[in-house]
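This report concerns only the one structure given below.
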Ligand SMILES: [Zn+2]
């Protein structure tokens, strides 16, 4: 008789990493996934939840969030967000830099019920000047580039720092073009970590940025609208985008308030170019729209015709691989005891992108529950 801590009964389990798409049970014990299968024995289980009619997926990973609440003006509350989005791992991308990472770790990451992993910014205080009234790019002043401390902080926090972040573009780095990147790539090489690079309007160009990324590095905001869109004026995927994917560069959505357009997404998907990861880039200025949350961002891809299994893969298996965390993003027994409970609702739902295009579609993914470390965390809605 198996003494499970928790069993999710009768849900529709979608685990792309294991190629599972079936109505089966998921059991947890000792904080980990214990078993996945039909009609598991629940006679000795401490907690049994009937999730029939719901989807059960590996704990969703949002590859691009800003959750340094209180320490940065763009930060939102990770636990609130994760409840609403059924996210179990929020990856903070560069909110903190080497000068203020200690506070992020002590006051946000460590007390948090949800898992928070981080890309460390190379700019001294991370994304410090980002609000409705103040907008100062942290890469605009090269005196703020802090590569030596960034290496020290990254090496001292390898349990939670999984990569290095830099933001490039007119809004984030002013006239400096690729100059901040030269600092970031050195830090990434010295610390032996991947890079996540943000791109906004030129300079630099999409092609200049992509030409420097290595296998395993991530380009976020990859489905931007014009300018610096991955789609050329002929409506086709830019050849440098295809070449970068061939080299192993990863493409992340990072929706946010300025970085996702339906027009770009349609052109890319019609050309067969799925992003590797779908993420919200949630922060204080996009949480009330147009990004809202991770389930809304995922739903936009579903409504663009991407099969549900591929949408889930982009927030589980693919994200775990980008993070080099094989214990996440799957319900394989022995993995972290995280799961997301979702519903696939039908109706008439309005979606909006960052340039104001509205799309009405008949499906929406909604969060219905969260399992963290083998325990039910989110009361059913
Ligand atoms: Zn961001």
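Can we say residue 259 is within 23 Å of residue 75 (Cα to Cα), touching a helix residue (DSSP H, G or I) at 6+ places or on another chain (Cβ under 8 Å) and either assigned to a loop (DSSP other than H, G, I, E, B) or at pLDDT 95 or above (or both)?
Here the answer is no, as residue 259 does not meet what is asked.
Which fully enclosed helices (runs of 4 or more DSSP H) of segment 168-237 have 3 or more residues being touching a strand residue (DSSP E or B) at 6+ places or on another chain (Cβ under 7 Å) and either more than 16 Å from the ligand (Cβ to nearest atom) or at pLDDT 95 or above (or both)?
179-191, 206-212
Looking only at segment 113-143, how many residues end up being more than 16 Å from residue 282 (Cβ to Cβ), in contact with a helix residue (DSSP H, G or I) (Cβ under 9 Å, 6 or more places away or on another chain) and not in a loop (DSSP other than H, G, I, E, B)?
The number of residues fulfilling the criteria is 5.
Out of 314, 291, 320, I need the residue that is in contact with a helix residue (DSSP H, G or I) (Cβ under 8 Å, 6 or more places away or on another chain), free of Cβ contacts under 8 Å to residues at least 40 places away in the same chain and crowded, with 23+ Cβ neighbours inside 10 Å. Which one?
Within the list 314, 291, 320, the selection yields 291.
Of everything in segment 73-98, what is more than 12 Å from the ligand (Cβ to nearest atom), assigned to a loop (DSSP other than H, G, I, E, B) and under 12 Å from residue 283 (Cα atoms)? Give them in sequence order.
Once the filter is applied, which keeps residues that are more than 12 Å from the ligand (Cβ to nearest atom), assigned to a loop (DSSP other than H, G, I, E, B) and under 12 Å from residue 283 (Cα atoms), segment 73-98 yields 73, 77.
The values are calculated or read from the model by the stated rules, or taken from the named source; none is laboratory data. For clarity, every value in this text was computed on a predicted model and none was experimentally measured. Using ideal geometry, Cβ is built from the backbone for each residue, glycine included, and neighbour counts are taken over all protein chains shown.
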